[in-house]
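Down below is the structure, laid out as structure tokens.
The values are calculated or read from the model by the stated rules, or taken from the named source; none is laboratory data. Here the structure is a predicted model, which means the values were calculated and not measured. Neighbour counts are summed over all protein chains in view; Cβ atoms, including those assigned to glycine, are modelled from backbone coordinates with ideal geometry.
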């Protein structure tokens, strides 16, 4: 073997500055590589990562913080953010910034180099039959720790690249197929084969029982999963209990009210019959938007059919406020939020007539209404109250200065459940690297001191035995203890 | 108040003992009487069973593993700190450590009291046996890692005192001091006394009652050696729980991010110990950064930065 003629490779990093053997003879690239893969450089990489991560904790981040906070931060620190963006570190997305990736990649290249160099040295040492000293096993532990840390990233990348990750909303009683069209948002990995499972999930029911303090004690989606039309799993899905089938996992993420509204145009045609997803922080008041693009009614004097839209506020347990508003205002009772239980559901509807602006693509968001090309139904832009199971009749101008009545009905109040749906085949690999990392770390930190202590103890016993006895010493001398804890 | 839960009463008794003990340890610094320190240590040992009882009764009152909000979590970490201190004191006869350990334990319990929540149900997200595994590991690791910083600070203090002694006495007190106390027994004072006058001199004299710098550095490392794997394990278990509950093992949530920061800080420490020019003083400073990071992770993230881990007030 060629390696046998080489001097034994150094296994530990030198603890004192070594003479720079051969450093002068290296090419500049070699010198750079030497500096780049040194542990000192790795420490600086780690510190750089630390700095970026620190920014990420205090500055609201896209994808993990609320969008509004991110927008507010960018607005308040425009110049600072621009400056950092030019430097490759946009402040509101540091975990996906070029600088972060460069540092991570640098660290991993250095890590890989370290793992290869040290692994080769260890293998060489093993093949040459060097004595299995405590330090030798410690080196293997360290090598395993670093290698498994490297493999962890491989596992993460593999899982993300070959899987997908999305958010899906399902209303009570609804059936949804696991196909791209069913998702609110969906991210597919670069190497994902594009074949979604097509499993159909049925949200049988949803419940969020409230405690006396008004907070839910639990929130549970009862779901049935169908594979090729056959029900295969029925399960209560809650935060700590997901529904998994053949690698596709459904996680309970959020929930809310989905009032079922039915709108008829002046001709009496049903022009909208949908559950509207409402969003809220505390479930005692939530907001949503009704959009009726195909209203199929043309106002007098206009060439195109009009559209209607409304901003909605839902109080599941509306508390009627005693005061009555001034004359000329259609809202004669105002409401305040009560509890999160559906004791007295009331919708406040702020209606707009005109163009929803869906054609220009600027207002596709289902949670916001672009009223730029719309006029409020009431001159004061007031809202009217619509209790559950009731229908309100409203008037629109008709030909010959007449009016045409149309209706909005609050038919029902189901709940929706929001699921995080994903496929990630990397998870078992990630867990494997966790185990290897722990084994490596514990070997490095504990096996070597343990073996050293045992070796010393054995030596002490041998010495004691040589003096004519075979008793085992109860405790090692203090010098041993001193050395162990200060190593 | 008639409806004070038993757990809170026991908690109060434990705090009272710890405060008395802290006074004793501070008196020990001033008077340097061994008996004063032993009395203070006895007070800690008397308060400890009340602390245990406070945690156990709280668990029964709340009906869940008592690490579900910041009151319970702070009480838990202070329990780890006090227990660790007791073990070190009884095994190695270290007394001065009582000052930082008691200050920290009392501060943690004060924060716990300020953020007190009556025993009650857990938020749905915490309904899991992973609470026991993940949160207990994190609390234990936090409680252990702070001791590495304590010893590192003692190390820096001892280093300074040795340097001071060397400068004033011109090498007369070298024996057992600066060079690391080759023959010094494990946890007895490694030298000192007879250092020049003045405020600096008396402080240096007091600090030279500490074990040798080398021993202190060893103890600091030892606690990273114990705490770092527990922290690593706790973060990994958190990842497994995150995958189980939310469908992602890592999401750069502020709490996750900060636990990563703490992990990186101590990883840097471990590498620094084998890097020329980074050992000793710089390594010691790194553990102090680690201490700050642990408490930022504990409180700043829970109270001021909203994230998935914001269970503080639940």
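Here are a few things to note about the model shown:
- Screening B:288, B:301 for residues that are more than 9 Å from every other protein chain (Cβ to nearest Cβ) and either surrounded by 20 or more Cβ atoms within 10 Å (Cβ to Cβ) or part of a helix (DSSP H, G or I) (or both) leaves exactly one candidate, B:288.
- Taken as a whole, the condition of being crowded, with 19+ Cβ neighbours inside 10 Å and in contact with a strand residue (DSSP E or B) (Cβ under 6 Å, 6 or more places away or on another chain) applies to residue A:164.
- Residue B:282 over 24 Å from residue A:425 (Cβ atoms) and within 7 Å of chain A (Cβ to nearest Cβ): no
- Members of region B:212-235 that are more than 9 Å from every other protein chain (Cβ to nearest Cβ), farther than 20 Å from residue B:261 by Cβ and within 19 Å of the chain's Cα centre (by Cα): B:216
- When each of B:118, B:49 is tested for being surrounded by fewer than 19 Cβ atoms within 10 Å (Cβ to Cβ) and part of a helix (DSSP H, G or I), the lone residue that passes is B:49.
- Residue that is nearest to residue A:111 (Cα to Cα), among those in region A:33-84 that are away from every other protein chain (no Cβ under 14 Å) and buried (at least 16 other Cβ atoms within 10 Å of the Cβ): A:84
- Tally of residues being outside any strand (DSSP E or B) and crowded, with 16+ Cβ neighbours inside 10 Å across region A:219-246: 4
- Where helices (runs of 4 or more DSSP H) sit wholly within region A:70-180, those with at least 3 residues that are at pLDDT 90 or above occupy A:98-127, A:134-162.
- Condition check for residue B:238: within 16 Å of the chain's Cα centre (by Cα), in a helix (DSSP H, G or I) and more than 7 Å from every other protein chain (Cβ to nearest Cβ): no
- Test: residue in region A:219-240 that is in contact with a helix residue (DSSP H, G or I) (Cβ under 9 Å, 6 or more places away or on another chain), farther than 28 Å from residue A:159 by Cα and at pLDDT below 90: yes
- Residue that is farthest from residue A:426 (Cα to Cα), among those in region B:249-264 that are more than 7 Å from chain A (Cβ to nearest Cβ) and part of a helix (DSSP H, G or I): B:262
- Applying the criterion of at least 1 residues that are modelled with pLDDT under 90 to the strands (runs of 3 or more DSSP E) found wholly in region A:252-310 leaves A:286-297.
- Residue B:119 touching a helix residue (DSSP H, G or I) at 6+ places or on another chain (Cβ under 6 Å) and within 14 Å of chain A (Cβ to nearest Cβ): yes
- Subset tally (residues that are within 14 Å of another protein chain (Cβ to nearest Cβ) and touching a residue at least 24 places away in the same chain (Cβ under 8 Å)) for region B:77-116: 4
- Some residue of region A:424-436 being in contact with a strand residue (DSSP E or B) (Cβ under 7 Å, 6 or more places away or on another chain), under 30 Å from residue A:206 (Cα atoms) and either surrounded by 14 or more Cβ atoms within 10 Å (Cβ to Cβ) or within 14 Å of chain B (Cβ to nearest Cβ) (or both): no
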